[in-house]
1. Looking only at the range 126-161, count how many residues are modelled with pLDDT of 90 or more and surrounded by 14 or more Cβ atoms within 10 Å (Cβ to Cβ).
2. Quick one: in the range 68-93, which of the residues that are surrounded by fewer than 15 Cβ atoms within 10 Å (Cβ to Cβ) and within 23 Å of the chain's Cα centre (by Cα) is modelled with the lowest pLDDT?
3. Quick test for you: out of 108, 56, pick the one residue that is free of Cβ contacts under 8 Å to residues at least 60 places away in the same chain, outside any helix (DSSP H, G or I) and in contact with a strand residue (DSSP E or B) (Cβ under 9 Å, 6 or more places away or on another chain).
4. Can we say residue 90 is outside the structural domain of residue 142 (by TED's automatic domain parsing) and over 21 Å from residue 5 (Cα atoms)?
5. Scan the range 67-85 for residues that are assigned to a loop (DSSP other than H, G, I, E, B) and touching a helix residue (DSSP H, G or I) at 6+ places or on another chain (Cβ under 6 Å) and jot them down.
6. I need the full set of residues from the range 44-67 which are more than 23 Å from residue 130 (Cβ to Cβ) and within 16 Å of the chain's Cα centre (by Cα), in order please.
7. Are any residues in the range 35-44 surrounded by fewer than 20 Cβ atoms within 10 Å (Cβ to Cβ), touching a helix residue (DSSP H, G or I) at 6+ places or on another chain (Cβ under 8 Å) and in a helix (DSSP H, G or I), and if so, which ones?
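The values are calculated or read from the model by the stated rules, or taken from the named source; none is laboratory data. In this text, all values refer to a predicted model and were calculated from it rather than measured experimentally. In this analysis, Cβ positions are derived from the backbone assuming ideal geometry, glycine residues included, and neighbour counts consider all displayed protein chains.
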């Protein structure tokens with residue numbers, strides 16, 4: 001079975017949530033809004049900031065926001081941010097692994113075409129399209145996270161311009 005790992009799946013959920021809110025939010029708010037555990041969100045943010053998909057904002061009203069619009073972030077970008085280069089087998093050009101049978105294998109190098117096709121398909125799907133698909137399917141997004149301080153409800157973040 002070919003599938004992305006759970007961390008990549010969570011990264012996609014986090015990025016969709018961030019795209020929908022359009023806010024600078026701390027990891028706590030993102031965790032509460034998505035239901036993904038806080039340590040996992042914190043781990044994801046390290047990958048996503050390093051890859052340039054997410055921007056980090058310091059200070060009291062700091063947190064994280066998307067570094068580019070959702071229609072400019074592809075699923076391939078998300079996979080590569082969390083898992084590294086897309087490589088279906090060890091013998092494709094983009095693989096960081098090497099196969100000990102590579103020189104003897106009749107399929108050596110032949111997987112490049114398949115790998116390119118899969119990568120191309122993943123580059124054709126953006127976060128914005130995934131959000132649209134969810135909306136068409138009738139998915140209801142949770143409201144932006146708020147917190148109660150001294151009886152008053154305040155938004156934990158600010159709008160990204």
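1. So the count comes out to 6.
2. Only one residue fits best here, namely 85.
3. Result: 56 is the single residue among 108, 56 that is free of Cβ contacts under 8 Å to residues at least 60 places away in the same chain, outside any helix (DSSP H, G or I) and in contact with a strand residue (DSSP E or B) (Cβ under 9 Å, 6 or more places away or on another chain).
4. No.
5. 73
6. Across the range 44-67, the qualifying residue is only 56.
7. 38, 40, 42, 43
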